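S.K.: First the structure, which I've put down as structure tokens, then a few questions once you've had a look.
The values are calculated or read from the model by the stated rules, or taken from the named source; none is laboratory data. Everything numeric here is computed off the predicted structure, so don't read it as measured data. FYI the Cβ positions are ideal-geometry reconstructions off the backbone, even for glycines, and counts take in every protein chain you see.
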Amino acid sequence: MQGLDSPIRLVVNADGFGVDAAITRGTLRAHQEGIVTSTSVIGNCADPGAIRTELAHAPALGVGVHLTLTGGAPIARPSTVRSLLGRDGHFPSQVKDVFLSWAKAEPRADEIEREFDAQVARLRDTGLAVDHLDTRDHVGVLPIVGRAVEAVARRHGIAGVRTTVERPTLAWLTEIRRSLTTAALGSLAWFNRRQMGVLRHGPRTWGYFERGRLDEIRIMEILGRLGPGIHELICAPRESDDPVERAEFVALLSARVRAGLARRGIALCRWADLF
């Protein structure tokens, strides 16, 4: 990465690598031809060897683990993480069920940590150099989950822990429900950060409120708001024939966006470049 002495540094992280072929293709192209600098691999992905093979085509792309408690099977032995699973031996399919389970004090802290440790170790065993952790569906904002992420990050020597904390903008006034969700996640994430000590980026995160609608105009607006410090833009570049889904992918390859970065002197970087 170039220009890391810039007062404004930006990690552009594509979530969900390996979820499906469209996300995988889109992430790789948005890195090779666009502004994506980092990605997060689903912790319980079906074929970690195939993921490693795909990422070998992008050696400069930062890689993290998208730790999950929703969807699919656990990586740890099911008998050792029973409090996290349904009767079918799988994680809940919907994130609301994870939050409901937490409200009932059902998940065990040691089992969350055991599962996250297994997810990280499995991907690192393929040879992936992991430079950050985060959680799928933002379940890391729950204190019991956040502490498990922190413990696993320390055990594996991973300095970057991603959380979502966005400051309100005027756009929030246009969609109250989405604004309230973003604010609630940010408040919980801020509380977790105050309790934990692993190195992480500053409080500026962008793109969650605009999820699913992050087009060229919105990216340019975000770039215009960035002040000195470290920022993260969250994205999901899906290479799809659907024009709505494809808009975000196209925007991340935009020459206009790259010109905007250069004009403001914003340095693109990975999590590994921050520590």
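S.K.: Please verify whether residue 115 is of a type outside the set (S, T, N, Q) and farther than 30 Å from residue 35 by Cβ, treating the condition exactly as stated. So that I can check it myself, show each step before the final result.
M.R.: Numbers: of a type outside the set (S, T, N, Q): yes; farther than 30 Å from residue 35 by Cβ: yes.
For residue 115, the condition - of a type outside the set (S, T, N, Q) and farther than 30 Å from residue 35 by Cβ - is met.
S.K.: It is to be established whether one or more residues within the stretch 204-223 are assigned to a loop (DSSP other than H, G, I, E, B), at positive phi and either in contact with a strand residue (DSSP E or B) (Cβ under 6 Å, 6 or more places away or on another chain) or at pLDDT 80 or above (or both).
M.R.: The initial filter retains those residues of the stretch 204-223 that are assigned to a loop (DSSP other than H, G, I, E, B), namely 207-215.
From the residues that got through so far, the ones that are at positive phi too are 207, 212.
Then keep just the ones that are either in contact with a strand residue (DSSP E or B) (Cβ under 6 Å, 6 or more places away or on another chain) or at pLDDT 80 or above (or both); that gives 207.
Checking the stretch 204-223: at least one residue is assigned to a loop (DSSP other than H, G, I, E, B), at positive phi and either in contact with a strand residue (DSSP E or B) (Cβ under 6 Å, 6 or more places away or on another chain) or at pLDDT 80 or above (or both).
S.K.: Let me ask you something else. So, of the residues in the stretch 139-152 that are out of contact with any Gly (no Cβ under 8 Å at 6 or more places or on another chain) and surrounded by 19 or more Cβ atoms within 10 Å (Cβ to Cβ), which turns out to be modelled with the lowest pLDDT?
M.R.: My answer is 141.
S.K.: Right, another one. Whether any residue in the stretch 233-250 is surrounded by fewer than 16 Cβ atoms within 10 Å (Cβ to Cβ), touching a residue at least 12 places away in the same chain (Cβ under 8 Å), touching a strand residue (DSSP E or B) at 6+ places or on another chain (Cβ under 7 Å) and not in a helix (DSSP H, G or I) is what I want to check.
M.R.: no
S.K.: Going by the structure shown, is residue 118 assigned to a helix (DSSP H, G or I), at pLDDT 95 or above and farther than 30 Å from residue 243 by Cβ?
M.R.: The answer is yes for residue 118.
S.K.: OK, next. Tally the residues that are more than 17 Å from the chain's Cα centre (by Cα) and at pLDDT 95 or above, restricting the search to the stretch 1-47.
M.R.: Counting residues in the stretch 1-47 that are more than 17 Å from the chain's Cα centre (by Cα) and at pLDDT 95 or above gives 4.
Residues checked against (1) out of contact with any helix residue (DSSP H, G or I) (no Cβ under 6 Å at 6 or more places or on another chain); (2) among the aliphatic types (A, V, I, L, M); (3) part of a loop (DSSP other than H, G, I, E, B):
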| position | (1), (2), (3) |
| --- | --- |
| 10 | yes, yes, no |
| 26 | no, no, no |
| 35 | no, yes, yes |
| 39 | no, no, no |
| 46 | yes, yes, yes |
| 52 | yes, no, no |
| 69 | no, yes, yes |
| 83 | no, no, no |
| 89 | no, no, yes |
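S.K.: While we're on this one: What number goes with the only condition from (1) of a type outside the set (A, V, I, L, M, F, W, C); (2) modelled with pLDDT of 95 or more; (3) surrounded by 14 or more Cβ atoms within 10 Å (Cβ to Cβ) that residue 132 does not pass?
M.R.: (2)
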